[in-house]
Every structure is written in C-alpha cells, then in structure tokens.
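First up is the structure itself, then whatever we jot down about it.
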Amino acid sequence: MFIDQFASQSGAQLSINVHQASQFAKSVSGDFNPIHDPGNRRFCVPGDLLFALAVERYGLANSMAFHFSGLVSADTPLIFPFEQSDQFQILDGRGKEYLRVSRDGERISANAGVEELIRAYVRFSGQNFPHILVPLMTEQNVMINAQRPLVIYQSMSLQLDKLNLTKPTLKLSKTTLKINGKRGDAHLCFDVLDGPTLIGRGVKHLILSGLRPFDQGAVDIMVSDYLGWQSEHSYL
C-alpha cells in the first residue's frame with residue numbers, strides 16, 4: 001500500500017523518521033500543524049499516520065476505536081503486535097504505550113477499498129484546521145495560542161455497516177466544542193459514504209490547550225499563514 005513509504009521496518013520494530021512523518025502530514029493529510037515540521041522542538045509523528053499504519057496492517061472491522069495515549073517522537077522504535085486480537089496496543093521497546101486499538105464485528109484485510117478509506121479519513125482529519133476548528137472557536141469566543149498552537153488528537157471511533165468498499169468518502173455531520181478553563185474538548189462527527197450510500201459513522205476527539213480570548217486579527221493571520229503553507233504543497 002502507499003502507506004509503506006512512510007515507515008521503516010527493522011526486524012519486529014517499525015520506526016518513522018522526521019521526513020517520513022512530515023511528508024505524510026503535508027502531502028497526504030494536508031496537515032500543516034507546526035509540530036509536524038522538521039526542526040520543531042516539539043516535533044511528533046502525526047496520529048493519522050499511526051491510524052493508517054494500524055489499518056494497513058490489521059485491516060478494518062465493523063467497529064473500531066483508536067485512543068492516542070502518547071506523542072511519538074521521530075525514530076521511536078514501535079512494536080506492532082503479530083496477534084490478531086480484539087484489543088491491542090502499539091508500544092515502544094520500553095513498553096510505553098502510544099496507541100490503543102479496539103475492534104469488534106467482522107473483519108477484512110487491507111485492500112484497494114480500505115486504502116481509499118484511509119486516504120479519505122486522513123484528508124478529512126487534516127482539514128480540521130482551519131475549516132472546522134476556526135468556526136467552533138469563533139462561536140465559543142476562544143482561540144488557541146497563535147505563537148504556540150497545541151491541538152492534541154485524543155481518539156477516534158468508527159462504525160461501519162459494510163466493509164467491502166468501492167469509493168468511500170467522509171462528510172462532516174456535527175461538531176461540538178466544550179470549554180473548561182484553558183482547555184477545549186472538540187468532537188467532530190462524520191458520516192462515511194460509499195458512493196451515495198451512507199454506510200457508517202465516526203467521531204474524532206481533539207483537545208485544544210492554552211485557550212485565550214478570541215482575537216479576530218490574530219486568527220486571520222494564523223489562517224492566512226496556514227493556507228499559504230497548504231498552497232505550496234501537492235498531494236500524493
């Protein structure tokens with residue numbers, strides 16, 4: 001699958017270097033979060049890349065949940081378990097957990113339709129900022145720190161009525177943002193379609209940290225910069 005170019009296998013361990021992670025974020029997801037930029041001192045591997053690698057390796061199930069429990073630094077050796085259990089973890093060599101996966105129902109191995117779903121989801125996920133999050137922040141009169149934005153991918157769940165997919169697409173269905181002090185919990189609900197037919201639903205949970213009062217001027221600059229970075233890249 002196309003995802004293989006974004007990770008390197010060495011024995012039982014898999015690692016992702018800074019260039020693989022950044023290329024995936026920008027050229028596949030369209031995600032220009034600064035924490036995926038080479039040289040950023042807070043650099044981390046995109047959660048969407050871990051999701052894609054897990055689905056590529058283990059396939060799809062009718063019900064799946066992905067909980068991100070740690071940020072993955074570049075070149076971290078990750079262990080993807082061989083056993084095909086209903087619940088499993090992605091760990092490093094020291095036993096630290098980064099991703100917990102649970103699944104239920106029928107299963108299907110990765111194929112062309114699964115690859116299309118991976119591409120559709122990560123492109124949808126990569127468009128969270130500014131197209132989804134800025135309207136939510138405007139509505140709640142809060143914003144992330146423009147100089148040090150921190151949006152954490154907490155979890156995602158997916159329910160599919162069928163697994164043999166032809167041309168899957170995602171469509172945003174509902175959004176919420178709950179504020180608690182300087183933290184915001186955003187839930188982005190989406191429909192999964194295969195052609196014109198609704199075949200599933202999902203929800204992505206994000207944590208927004210360091211919130212402050214909304215400043216239209218600062219947000220406009222942040223959005224302009226972000227869209228400018230996007231315009232300079234092509235998609236794979």
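Structure data summary
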read-out	value
Condition met for N33 (in contact with a strand residue (DSSP E or B) (Cβ under 8 Å, 6 or more places away or on another chain) and of a type in the set (S, T, N, Q))	yes
Of the criteria (1) of a type outside the set (V, I, T); (2) touching a residue at least 40 places away in the same chain (Cβ under 8 Å); (3) exposed (fewer than 15 other Cβ atoms within 10 Å of the Cβ); (4) closer than 25 Å to L50 by Cβ, which one P213 fails	(4)
Candidates A7, A21, A65, A54 - the one that is closer than 23 Å to A146 by Cα, among the hydrophobic types (A, V, I, L, M, F, W, C) and in contact (Cβ under 8 Å) with a residue 24 or more places away in the chain	A21
Residues within the stretch 4-21 that are surrounded by fewer than 23 Cβ atoms within 10 Å (Cβ to Cβ) and either in a strand (DSSP E or B) or within 14 Å of the chain's Cα centre (by Cα) (or both), tallied	6
P196 being free of Cβ contacts under 8 Å to residues at least 24 places away in the same chain and over 22 Å from the mean Cα position of the chain (by Cα)	yes
For A110: the one exception among (1) in contact with a helix residue (DSSP H, G or I) (Cβ under 7 Å, 6 or more places away or on another chain); (2) under 30 Å from L227 (Cβ atoms)	(2)
Selection status of E139, at pLDDT 95 or above, closer than 30 Å to D220 by Cα and acidic (D, E)	yes
When residues of the stretch 105-132 are limited to those that are charged (D, E, K, R) and over 16 Å from P168 (Cα atoms), the one surrounded by the most Cβ atoms within 10 Å (Cβ to Cβ)	R107
Of all residues making up the stretch 57-66, the number that are surrounded by 17 or more Cβ atoms within 10 Å (Cβ to Cβ) and assigned to a strand (DSSP E or B)	6
For D37: the one exception among (1) modelled with pLDDT of 95 or more; (2) of a type in the set (D, E); (3) farther than 29 Å from N164 by Cα	(1)
Residue count, the stretch 22-56 (criterion: assigned to a helix (DSSP H, G or I) and surrounded by 17 or more Cβ atoms within 10 Å (Cβ to Cβ))	19
Those residues of the stretch 135-159 which are touching a Pro at 6+ places or on another chain (Cβ under 9 Å) and either more than 23 Å from V45 (Cβ to Cβ) or small (G, A, S) (or both), in sequence order	N141, V142, M143
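The values are calculated or read from the model by the stated rules, or taken from the named source; none is laboratory data. What you see is a predicted model; the values in this text were computed from it and never measured. Please note: Cβ atoms are built from the backbone with ideal geometry, for glycine as well, and neighbour counts cover all protein chains shown.
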